[in-house]
């Protein structure tokens, strides 16, 4: 048990102390946490399979296997998304621990109407068990480091047609907020290499009695140094009236055109992004490797 009893901020509530010290108890506690946070926004939680193994006489977790096949998580706005993080101002106990292996899979898991085939594994993830004076138990991110790095991989695949359908639904709502009605949308997504893709979205929109076409383009590329560059971003229309109405949208897009995002440096210590790939075909397949 650590002597550090400082307040714990942005922790994940994990029921009541003491910490679960057997695999079945840990699996049941995790299921309760998932149900509490996703319950109003998901169906199929009863299909989720959770297997866990603890380390006898240690706060460490040997393994955690989560199979979310059949889980359906509905689309959520920012106001609806669960935010389980809490603060524990009066800490009476803190134990550092490590989860040696976490595996997650979904074949598929459905998120916002898109069926995603998911496989992920994380190794050596460090955290702390935190006990509050009120008897609460929480999980605190205790910080990876270069001496104790995390490693793992993720593969997520989804149908391109399903993604386009979701984009169409989101675009319909976004345009409606601006007073437009989306009457047609064609999305062309193409691979530009193992780490690059471009998108051309051609839409027919209507505002009152006015009807016209508009086009939005964008290209995203990740280089060997894991720097993401957004380019060729634009919104155009041959109709001068619609073009004028798109000025507000174009201004926002121009703010990110040419923007470079250093993915590697934005990660916390101990988390090294070693590879990212995006394969575009009938399916979009995202592969990420860390460590």
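Select, from 216, 205, the only residue that is in contact with a helix residue (DSSP H, G or I) (Cβ under 7 Å, 6 or more places away or on another chain), touching a residue at least 12 places away in the same chain (Cβ under 8 Å) and part of a strand (DSSP E or B). Full working, then the answer.
Working: 216 fails: in contact with a helix residue (DSSP H, G or I) (Cβ under 7 Å, 6 or more places away or on another chain).
Just a single option satisfies the conditions, and that option is 205.
Just the residues that are under 22 Å from residue 228 (Cα atoms) and surrounded by 18 or more Cβ atoms within 10 Å (Cβ to Cβ), please, taken from the range 158-186.
Kept after step one, since they are under 22 Å from residue 228 (Cα atoms), are these residues of the range 158-186: 158, 160, 163, 167.
Scanning the range 158-186 gives 158, 163.
In the list 66, 72, 61, which residue meets the criterion of being farther than 25 Å from residue 268 by Cα and in contact with a strand residue (DSSP E or B) (Cβ under 7 Å, 6 or more places away or on another chain)? Break it down into steps so the answer makes sense when it comes.
Details: 66 fails: farther than 25 Å from residue 268 by Cα; 61 fails: farther than 25 Å from residue 268 by Cα.
Exactly one of 66, 72, 61 is farther than 25 Å from residue 268 by Cα and in contact with a strand residue (DSSP E or B) (Cβ under 7 Å, 6 or more places away or on another chain), namely 72.
Since residue 248 meets every condition but one in (1) out of contact with any helix residue (DSSP H, G or I) (no Cβ under 9 Å at 6 or more places or on another chain); (2) buried (at least 16 other Cβ atoms within 10 Å of the Cβ); (3) closer than 15 Å to residue 180 by Cα, which condition does it not meet?
(2)
Confirm whether residue 147 is in a helix (DSSP H, G or I), surrounded by fewer than 18 Cβ atoms within 10 Å (Cβ to Cβ) and at pLDDT below 95. Walk me through it before giving the result.
Values: in a helix (DSSP H, G or I): no; surrounded by fewer than 18 Cβ atoms within 10 Å (Cβ to Cβ): yes; at pLDDT below 95: yes.
In short, no.
Which condition number does residue 30 fail, the rest of (1) in a helix (DSSP H, G or I); (2) farther than 24 Å from residue 155 by Cβ being met?
Status for residue 30: all satisfied but (2).
Which of the residues that make up the range 4-27 are surrounded by fewer than 16 Cβ atoms within 10 Å (Cβ to Cβ), without any contact (Cβ under 8 Å) to a residue 60 or more places away in the chain and not in a helix (DSSP H, G or I)?
21, 22
Looking at (1) more than 15 Å from the chain's Cα centre (by Cα); (2) without any contact (Cβ under 8 Å) to a residue 40 or more places away in the chain; (3) surrounded by fewer than 16 Cβ atoms within 10 Å (Cβ to Cβ); (4) not in a loop (DSSP other than H, G, I, E, B), find the lone condition where residue 80 falls short.
All conditions are met except number (4).
The values are calculated or read from the model by the stated rules, or taken from the named source; none is laboratory data. Worth saying up front: this structure is predicted, and the values here are computed from it rather than measured. As a convention, Cβ positions derive from the backbone with ideal geometry for all residues, glycine included, and neighbour counts pool all protein chains shown.
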